[in-house]
Every structure is written in C-alpha cells, then in structure tokens.
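K.L.:
Below is the structure I would like to discuss, written out as structure tokens.
Read-outs throughout are calculated quantities, based only on the coordinates presented, and are distinct from any laboratory measurement. Model, not experiment: these values are computed from the prediction. All Cβ positions, even for glycine, are placed from backbone atoms using ideal geometry, and neighbour counts span all protein chains on display.
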C-alpha cells in the first residue's frame, strides 16, 4: 500500500519523500504533508478514538480546529500527547501513536462504552456515582481517573528549551490569508513596522486550498508573490508557524512560534518554541473562518469531514480519503468540493443539498431537498443513507462525505476581552461586535466577508483605516479580480429525529445531550456548556459550539443570538506548558540566593538550610561535635554567656521614604508609628484586611521622612507586595515611596553581654554607641572602616543585641572583621537553629505563631491594635468570632518531667478529659531543647491561656504516641523583665 | 582591647575580589563593577525640582519616566 489515495498536483514536494510510522507501521509521505494528509494518502482514515464512547474517529478538518485526529507524537522524553495530526508537519522519521484505545486502535475494548451510551449521557456522573457514598473514594474515583484523559505523558523531563521574546510593531496582522496578505502589503508598502503572523507553515490561507484565480494567476502563485514581497520589505516581519493565542490589554498579543516542531528535534542551540509578547499600536484580525458541520445520525465515522477540508486535502495536499465521495451541504460552497474533487479524478456519489432550490450541475448528481439520515461503516464510512425530497430513502456507497453547514468567522481573539460577537442573519453566523480589543480591526472572513474579493477589499480597507488612526494617510493597493460569489445559504443545523448526532466530537456531545440539558433546565448557554461539556475539549468547540447553540435555541423557542455565546478565552489553540514557562525551569525558575557572607560561612563548615530561596547557615559544627544539638547548644550557651554573631541579611528590608512615610506606616501597622522619634526603632505588627496577623518586624526611623522596615525572611516579597498595594491602591495620595533593599544591605546580629564591647572595636571611633548615647531600640547611621553603615539596637534573642548593616559588597569584609574582633571574647557564630532556640526561650513569635490563623489577641498583643487610629485589619479584628472569651493565647509550656520533650504540633488537653477534637485546648507551635534551662520547652496557643498560668495540662500527639503532662507558664522563659536588653 | 585591622574590602557583584572575566569562543565577557542601577522617584509635587536635581547630579538630561 503506497499512497493509494494520492492525487495529482498539490503543494507537496514529491522530490522529497519522507518515511514515518503510525502505531508502529511504516509509511511514506512527502515534504509539505501533514501527518493527517500523509495518513489519508496511505488510505488511513481511522486516526483516533473519542473521549467517552471510544468511537472510531478520523480527521474532521484540515486545520487547528481539529477535534478528532489527536495522536501522541514522537517517543521518549519528547512524546507529546493530544497533538493534532491535521497540523503536525511531516518530517522524516516522525513517529506517531494513536491514543485512548486498548489494545489497539481498530479493536478498542473500551468501545463497550458505546453500547451503554444510554447510561452515559450528559451529566450521567452527577447521577450515577451517588450511591453508596463509601464507593466514591475507593471505587468510583479510581476508575474514573483511569478512564479519563486522552494521551499519556512520558513522565520524563522535557529535553527542549523554550524562549520568550518581545516584539513591537505599528500594525500586527493576524492571519496571512487573502485579507491578511493585502492588509500586510498595504501597511508594509506604506513603510510602517508590520508583523504578519500565521499558524500555518505555508502562508496564504484558503488561497492554497482552493482552485480560484486572482486576475490571471492562481491563488497559490499570487500568495507566494505577496509573501516574497513582504519578506523583502525591511519593515515587515513575517512569522509563519506562529499562532496568535491571545489578545491582551493595550494592544498586547501573545504569539507562539513553533520554531522546531517540524523537525525531529531542534537544531543545536535553538528553542522548540518561542512565546512572543507583541506590542502593537493597531491589529488587523484576519484569522479567517471555520466551516461548521451539520448534525445527523452517526455523523462521526472516519471519512466524514468538513467539505472544505476535503477540498484542502485534494487541492493542497493532493489526497482524498476515498476514491468515491459524497457531499452534504446547505449552501453553494459545498458544491465547490464536489467540483474540485471531480476535477482531480475522484468519483462523486452525489451532492445532497438540504435546499429544495439547490443549484444543479451537469457533472454530478445533486439531490435537492434531501438530507443524510444515517451512515454505515464500522471503522470507516462505507455508505450514507439519504432521505430524498419525496420522502423516499436512498443509500449511497462512498468512503468519504464532505459536510458543509456554512462558515463561522474566527471571532475568538475579538472576544478575548469579553466583547460579545453579534449575529449576522445573512450569513447565519456571529461576527466580531463593536467592543473589540483596543486597536483591533476585523477583516476578511473573520469579519464575515467570505468571498475572496470581499476578503481582500476588507483587508486593504482595515489596513488603511488602522494607518489613518496612526496619522498616516495611505491608499489601498489594486485588488486583483477574483471570485466574489454571494453567500447562498439556508441555515440547517441538524437532521430532525437524529439522536446520536455528534456536535462536539472530541467530548462526545450529541444533539440528544443538548436536548437532555434543555429538559433538565440547563438552558443557559454557560450551563449547557458545563452540563454537557460541549466545547470544553482541547479544540474549545470550534466546530461544535454554534451547532449546540442552534439546537438549544430551537428547543427554547428563541433565536440563536438570544441564546448567546460562552466566553472566549486564550489560548486560541492548546499551548504547551513549557512554552509558558520559557527559560523559567529548574534553577532558573527557583534560583538559590546566597548572602554576601556565604563563602565565609562555607569556610566555617556551616550546614545550610533553605529559607525562602535563601541558603542560611543552620549551625556551625566544630571539631568533635557529632550531633547538631551539640553545635546548637554551644552556640546558644556561648551567645548568652559572652557574644554571638549571626547573619540576618535575609530579613526583608524595605526603605519607606516620603513626607507621609510615618502616616503610611500608621496605616500598615496596627500599632502607632506617627510619633516614633528619629533615631528610634519600634516593633510593628501588620494585620491582614481580615484582622488576622500577617507579619511582624521592626521599623527604624532614620530621618523624619525615612523609615527602614524589616520583615521576616519568608514573607519579604509578600509584605512588599502588600505595602505596594496599600500605597498604590488604598492611599495613592500619600507622598511615600517604597524600595526593596533586602539585597542592598548585608546585616549581622551581634548578641550577648559582650556585644557592645565587640562592636566598639569595629564601629569607627567617632560614633558613640555607649548605653547612654545609643540605648535600647536606638538606630542610626554609623561607619565601619570608613564605610557607611547602619546600626539598630534590637534583639531577637533577648540579650543585649545589635544589628549592623553595611552595603552588600562589604558584607564579607564585615563578618570577617566582626569575628576577628570577637576573638578576645570567645565570640561564636550562630545559625538559624540557635536563633530559633533563643527566640523560643525569649517567647518571641515567629512564622510558626503568625501562621495565618492567629490574631494580635492570640499573640498576646491585643492591646497593640491601636483604636485611636485606623489601620488595615483593625476593624475586622473586632469580629465576635475572633474575640471569644476562651480565645487562644500564646503561652509557654514546660514539661512536668524534665526529660519529656514538647513536640511542636502536639495538642493540649485538660487533665481528665477525653482526647478528641471537641476537647482540644490548643497546640504547640514552636519547641526546642533549652540549654540554658536544661530541658525542653515549647510555646503555643492555649484557650484562655493567660488565665491558666501554672495549670498542669496534658500534651498529646496520638499519631506519634506522645502523652505526658506539661505546665502552662509564661512564654518568656529567659529574662521576663527584659533587663538584659537594656544594660 | 587590640585594634582590629578593619579593612573593609568590597566584593564584586558576582562575589569575587576582582571582576570576573570570561572568554566564550573569542568573545570576552567582563564584569563591570563601575555600573549601578538607581531608582529615582520624586516627592509628590516636586517632580520638576527633582528632575533638575538629577540632571545636575548626572550632568545629563534624565530620561522621561518610564523610558
């Protein structure tokens, strides 16, 4: 069998044969073929199985609107499921597999579903899997999950790369058919910057699929000349294999260029696809139109396709699905298919025309006023049954049937910003409405101008109008003479009485399903879509939506525009996730952030932990230490005994500047900031709008109009985003600017009784940092070795402590200077674990306590929510539910038996109560071993905890088998009076 | 107390003590340590004064906002 269905002519290169395989079977095609055209040439009509009923299916179309011919393309890591055979360019060595079938495409065991179709109608899953309830998780869901989906994934990483790029132009022309080419030529000759993009690999649109002539040349030659001229113009960029997938704000369009999909693998250094963001001043939508089918009984057999697709396959790819075809149409365009295929030597069984006044033809039989009532053929069409105008029935043997129900303009991009298309009665189709995306003009078949001449004229006038809007007067080029046939169509959507008449072939939605939806009152177009899944497949209903609407309109006694359309959303065609990701994968998606002292920390043998994207030193093991606890205990003990140094660069730092800086912080923090003196730091708590605590940190007033705000490491981005939202959206009138300076400063905590002595060795002498000159919570500009620096006297550990910051590039030098100066005090460097132990000993809340469920009241900071001012979250923090008498309060927990641990996550139960959720008294949020106290400690939330000091409660963790007594104590285990801070 | 040396030597942006230099197929790529990007925002109502101050500072007319 070698291309038995190959015809003469076509735009294929017969000098370049290509070998490919489908389901392991080797075949031949030519350069210029798609996988679908090559398979049809080899007499393969069966290319896939439908989603629900596993019905045998072949291609319905010859383009990107294809619902049926979906295959798994390539093998191994490059395997891509659900690829349309109708757009997959053939390359030598291409390997494709059919999908959604077992064990083979011709014998699919799951086709049994088709026999039970009466039980699998629209919404069957809402009714079927209700009982017994226990079956859902164990039985129904696993079975449904196994049955769902079409293709399979390789489960291997994608070996290809994807790029993103930006393009700018005066005019973007979407589609390079007759209208688009004329628009591009008009603008290109006028000298403006033009981008013309088309999803096809051969530009020209229908000019390449028809036998029409333009003046004295064929449409194919005219298109080739036009494209050659556009390529030669330096101000025009021609993007083939490029789909405009979405229309976004301000004339921005998304475009996917398939750079390497037509090759077995991308050339070295080349991406597979590029996602372009095109900034256009104006755009002409010339995306053409899609032919729509007619619904009739068993209209989904392989071999039944759109009449225009039959014509495309014959004229462009020189193939026919069968040597004998019939056509079923409600308009004149269907007759063209019969004429073209007859001219190619294919036998025409008949043209079945629903119109009683259908035009006649000498070359083939026209059955006027007739309809197709059924079809036959298990794995491919073998015959159609026709009901003639007189009511009699006739059977026509044929291997293919071209169906034409008219054309739908491709309005999708015109509606991406919710613009509703409008109904045009003369063509019985929706065209772009008035509310187009800014700067867009519609032309050609996309605007309902279906004749070649009409399309070209509208393309020219759209370009002239677009340039006029840009202030450039230009004239339209001469439009060649070509067919200008009027639309001659009598709407006909479905053959009456047909039940298993497919509308959405991919999702197996039939006319009967639409009737059921109507019967069950899912009549709104949005409900119809979701109840039946009409239009929810990968083709987004390009060939099915209007047919479904027409039937619903008929049932509801409305006209089609009254029923309306669903919302069109990007992307226009399925787009690979990798394309959206671009280069953002692996380390490029989630980079590792290192502090300026990272190299120094490595030299110290630090063990690192990821915090956000930062690598932070967790602890610094010393020789002889075999367990992390030994290192951490040493770091904690030595810090409290003498002095410790910790890298706190990763804390979020935000510069808040402006005359209204204090007013702004007063809004953002729940506690007051207006009267913070210059040179002082204040602890601040931020609430979410709903009254829940969001983040805490400090704000240092460096000048009257300048604060430095710190955030927790993990929330740095979120807090900055929140503050920008507050600044830009809630209080745009305030004079305040925010700058993220997290990466601009290296910052170190120096904590412990000898902290000041150590710093006095490092800070330049002219700066007095004595307790009197620089008291607790002071801040100021200083210098270190002549380098400008900032000093904050704040403490997370509960010790006399400072944080010192220098510009990032001096971070390495400063940590080395600090440790060197600390040698005489036996200073230690400590990591995040010791930091955590010391803050738990001190009872400071951190991320575990600010966990998205807790309020200021829970945290013991209820009084901080200042009621003399308004701040974000203040009002909603007063909600009854957040202020119950037994509200959770932050407390300390101490084991009654010193050997017992206090594991974080364990729950608190009163003595004698049963252990269940109803009796839950609270939970442990943070816990550690305190080397200073010699036993484990924890902090957590307990109901009315502040009133239960000294109470013995039970700590339980049924999952880990923990159950012992703990005592509720103050969360401030160390120095509750805060004397150490102020020395 | 002994005097620390306190020599505050800066690192380059790429974390080295000297600018990094790479040769890729005959093309030399060198780290430029003399270049920084600044964020400049005017106080409300003082756009003109701010622009003048910036012009004086950089000895060149500053670009328009967003350019």
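K.L.:
Considering Cα pairs under 8 angstrom that are at least six residues apart, work out the relative contact order of region A:265-413 and quote it in whole percent.
P.N.:
Averaging sequence separation for qualifying contacts and normalising by length gives 31 percent for region A:265-413.
K.L.:
Taking the square root of 5 times each eigenvalue of the Cα gyration tensor, what semi-axes in Å does the equivalent ellipsoid of region A:155-241 have, largest first?
P.N.:
Listed largest to smallest, the semi-axes of region A:155-241 are 27, 19, 9 Å.
K.L.:
Another question, then. Give me A:628, A:317, A:493 sorted ascending by neighbouring Cβ count inside 10 Å, so fewest comes first.
P.N.:
Taking fewest neighbouring Cβ atoms as first place, the list is A:628, A:493, A:317.
K.L.:
Suppose R0 equals 45 Å. What FRET efficiency, 1/(1 + (r/R0)^6) with r the Cβ-Cβ distance, do residue A:625 and residue A:979 give to the nearest 0.05?
P.N.:
Taking R0 as 45 Å, the efficiency between residue A:625 and residue A:979 is 0.90.
K.L.:
Can I ask one more? Round to the nearest 10 and give me the degree value, 0 to 90, for the angle of helix A:716-725's Cα axis relative to the longest principal axis of chain A.
P.N.:
Between helix and principal axis, roughly 70 degrees.
K.L.:
Per residue of A:487-499, count partner chain C-beta atoms within 10 Å of its C-beta, then hand back the mean as an integer.
P.N.:
0
K.L.:
Mind checking the alpha-carbon convex hull of region A:744-802 and giving the volume per residue in Å³?
P.N.:
81
K.L.:
Once you keep just the Cα pairs under 8 angstrom separated by 6 or more residues, what percentage relative contact order results for region A:838-978?
P.N.:
30
K.L.:
Report the gain in length on full extension from residue A:783 to residue A:688: 0.36 nm times residue separation, minus Cα-Cα distance, nm rounded to one decimal.
P.N.:
The span from residue A:783 to residue A:688 would gain 30.5 nm if fully extended.
K.L.:
Okay, moving on. What shape does region A:900-977 take by its C-alpha gyration tensor, where a ≥ b ≥ c are the square roots of the eigenvalues and a/c under 1.5 counts as rounded, a/b above b/c as prolate, and the rest as oblate?
P.N.:
oblate
K.L.:
Report, to two decimal places, the Cα Rg of region A:849-983 normalised by 2.2 N^0.38 Å (N = number of residues).
P.N.:
Normalised Cα radius of gyration, region A:849-983: 1.13.
K.L.:
Which length gain, in nm to one decimal place, applies between residue A:613 and residue A:869 when the Cα-Cα distance is subtracted from 0.36 nm times their residue separation?
P.N.:
88.5 nm
K.L.:
Okay, moving on. Take every Cα pair under 8 Å in chain A that's 6+ residues apart, average their separations, divide by the length, and report that relative contact order as a whole percent.
P.N.:
9
K.L.:
If you don't mind, another one. How would you rank B:10-22, A:266-278, highest first, on the average number of other Cβ atoms within 10 Å across their residues?
P.N.:
So the order, starting with the most tightly packed, is A:266-278, B:10-22.
K.L.:
Still on this structure, please answer the following. Compute the helix-to-body angle for A:452-469: its Cα long axis versus the longest principal axis of chain A, expressed 0 to 90° and rounded to tens.
P.N.:
Approximately 40 degrees, to the nearest 10.
K.L.:
Evaluate the distance, in nm, between pseudo-label points positioned 7 Å from the Cα of residue A:216 and of residue A:581 along their respective Cα→Cβ axes.
P.N.:
5.7
K.L.:
Work out, step by step, the length gained on full extension between residue B:60 and residue B:7: first 0.36 nm times the residue separation, then minus their alpha carbon distance; give nm to one decimal.
P.N.:
Contour length minus the Cα-Cα distance gives 15.6 nm.
K.L.:
While we're here: Going by the alpha-carbon gyration tensor, a ≥ b ≥ c the square roots of its eigenvalues, is region A:298-376 rounded (a/c under 1.5) or, if a/c is not under 1.5, prolate (a/b greater than b/c) versus oblate?
P.N.:
oblate
K.L.:
Once the convex hull of the alpha carbons of region A:50-114 is built, what does its volume come to per residue, in cubic angstrom?
P.N.:
About 94 Å³ per residue, rounded to a whole number.
K.L.:
How do A:152-158, A:502-508, A:903-909 rank on mean C-beta neighbours within 10 Å, highest first?
P.N.:
Going from most to least packed, we get A:502-508, A:903-909, A:152-158.
K.L.:
Would you order A:252, A:968, B:37 from fewest to most other beta-carbon atoms within 10 Å of each residue's own beta-carbon?
P.N.:
Ordered from fewest to most neighbouring Cβ atoms within 10 Å, A:252, A:968, B:37 come out as B:37, A:252, A:968.
K.L.:
Also, I was wondering about something else. Can you work out D for the protein assembly as shown in µm² s⁻¹ from Stokes-Einstein, where Rh is the Kirkwood radius over C-alpha pairs, the temperature is 25 °C and the viscosity is 0.890 mPa s?
P.N.:
Reported coefficient: 71 µm²/s.
K.L.:
Follow-up question, since we're still on this one. Limiting things to C-alpha atoms, what are the Rg and the maximum Cα-Cα separation (Dmax) for region A:342-468, in angstroms?
P.N.:
Spelled out, the Cα radius of gyration and Dmax of region A:342-468 are 20.0, 59 Å.
K.L.:
Measure nothing but the geometry: give the 0 to 90° angle between the long axis through the Cα atoms of A:628-641 and the longest principal axis through the Cα atoms of chain A, rounded to 10°.
P.N.:
That works out to roughly 50 degrees.
K.L.:
Quick one: A:977, A:141, fewest Cβ neighbours within 10 Å first, how do they rank?
P.N.:
Ordered by Cβ neighbours within 10 Å, fewest first: A:977, A:141.
K.L.:
Starting from the coordinates of the alpha-carbon atoms of region A:429-477, obtain the Kirkwood hydrodynamic radius over all distinct pairs and give the value in Å to one decimal.
P.N.:
11.4
K.L.:
Follow-up question, since we're still on this one. Which order do peptides A:374-380, A:679-685 fall in by mean Cβ count within 10 Å, highest first?
P.N.:
Sorting A:374-380, A:679-685 by mean packing, highest first, produces A:679-685, A:374-380.
K.L.:
Which of the three applies to region A:813-921, rounded, prolate or oblate, going by the alpha-carbon gyration tensor with a ≥ b ≥ c and a/c under 1.5 meaning rounded?
P.N.:
oblate
K.L.:
For region A:227-302, take N as its residue count and report Rg(C-alpha) divided by 2.2 N^0.38 Å.
P.N.:
Rg over 2.2 N^0.38 Å, computed on Cα atoms: 1.55.
K.L.:
Another question, then. For the pair residue A:388 and residue B:50, how long in nm is the line joining their label points, each one 7 Å along Cα→Cβ?
P.N.:
In this crude label model, residue A:388 to residue B:50 measures out at 8.5 nm.
K.L.:
Could I ask something else about it? Between residue A:422 and residue A:592, what's the calculated FRET efficiency when r is the beta-carbon distance and R0 is 60 Å? Round to 0.05.
P.N.:
0.65
K.L.:
Now a separate question. Along each principal axis of its Cα atoms, how long is region A:748-882 end to end? Whole angstroms, biggest number first, please.
P.N.:
On the principal axes, region A:748-882 reaches 55, 31, 30 Å in Cα extent.
K.L.:
Modelling each spin label as a point 7 Å along the Cα-to-Cβ direction, I'd like the residue A:717/residue A:730 distance in nm, to one decimal.
P.N.:
Placing both labels 7 Å beyond Cα along the Cβ direction yields 2.2 nm.
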